[in-house]
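One structure is given below, encoded as structure tokens.
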Amino acid sequence: MPLSTQSQGDAEQYVLVASLDNARNLSNILKAITFKDHAIFSATPNGLKVTVEDSKCLQANAFIQAEIFQEFTIKDDSVGFQVNLTVLLDCLNIFGGSTVPGVSTALRMCYKGYGYPLTLFLEEGGVVTVCKINTQEPEEPVDFEFCSTNVTNKVILLSESLKEAFSELDMTSEVLQITMSPSQPYFRLSTFGNSGNAHYDYPKDSDMMELFRCTKTQTNRYKMSLLKPSTKALALSCKVSVRTDSRGFLSLQYLVRNDDGQICFVEYFCCPDEEVEEQ
């Protein structure tokens, strides 16, 4: 592959080099978190974490493990920068994002460090395009302080069943209410839209439910406008873990398989709607 030798002599000056035989394995997962222009990239020897936030109420993280890349070289313990995600996706799809079997765009992504652009070498069919995207100093992502020790309720569902629920619920509703309980209704999604109230219930022994672990009854509402971006990740995923902590904060973890069958994760954190009144 031409990109394997591309700028080989320059490799020493880069603090981060990541290569993929198929750029779609990066672009697809980035699309799952694209709801704001800017994204924070954080690289460690374990891989790449990309974070997008909306007004301290919603945070999405895409995790791409180092093993996913054909080459992943990092010179420091951690490397961070911020880029325009829309521009990056445009560059990754510069060849049209071909889905033709056997045709893929190879990617070599290089970063020299603070103040330097993110350089992309993209190759398809022997044609190499070089894109340079300006970077900024990364902002510190919001810490939602969501830790597993504070998780009160957790279910793991097949994504198909959650897609079905979203297709049946009334999306004109301003909020999505989630009830999780050790007793009935176990796991319930509710909306309050133009066509009235709607509920979608899952029995805890449903074939669609892989895990049901609820310790107390919790009912929380979340702004639909904040949850809608996560449906992009849902569409790509095969399983989803739904967790709430003692404060009512919501974690949605999506398991996504890429074109090569490898597993990546996308996680959304959402704070509860503070205007909820007890029913």
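The values are calculated or read from the model by the stated rules, or taken from the named source; none is laboratory data. Here the structure is a predicted model, which is why all the values come from computation and not from measurement. Reconstructed Cβ throughout: ideal geometry from the backbone, glycine too, with neighbour counts over all protein chains shown. Only protein heavy atoms, including side chains, enter the accessible area calculation; ligands, DNA and RNA are left aside. Shrake-Rupley method; radii C 1.70, N 1.55, O 1.52, S 1.80 Å.
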Requested in this report: Would you be able to say whether some residue in segment 98-112 is modelled with pLDDT of 95 or more and open to solvent by 60 Å² or more (accessible area, probe 1.4 Å)?
Outcome: yes
Requested in this report: Pairs only if they're at least six apart or on different chains, beta carbon under 7 angstrom, first in segment 175-200 and closer than 17 Å to Gly248 by Cα, second acidic (Asp, Glu); list them, first residue then second.
Outcome: Val175/Asp273; Arg188/Asp201
Report task. Taking Ile94 as meeting all but one of (1) part of a loop (DSSP other than H, G, I, E, B); (2) open to solvent by less than 60 Å² (accessible area, probe 1.4 Å); (3) aliphatic (A, V, I, L, M), write down the number of the exception. Result -> (2)
Query raised in the report: Among the residues of segment 244-259, is there at least one that is surrounded by 16 or more Cβ atoms within 10 Å (Cβ to Cβ) and of a type in the set (D, E, K, R)?
Result: yes
Query raised in the report: Just to be sure, is Asp76 within 25 Å of Gln262 (Cα to Cα) and loosely packed, with under 15 Cβ neighbours inside 10 Å?
Result: no
Query raised in the report: How many residues, within segment 196-207, are open to solvent by less than 70 Å² (accessible area, probe 1.4 Å) and farther than 16 Å from Glu168 by Cα?
Result: 2
**Report entry** Pick from segment 224-240, criterion over 22 Å from Arg24 (Cβ atoms) and surrounded by 18 or more Cβ atoms within 10 Å (Cβ to Cβ), ranking: farthest from the chain's Cα centre (by Cα)
**Finding:** Met224
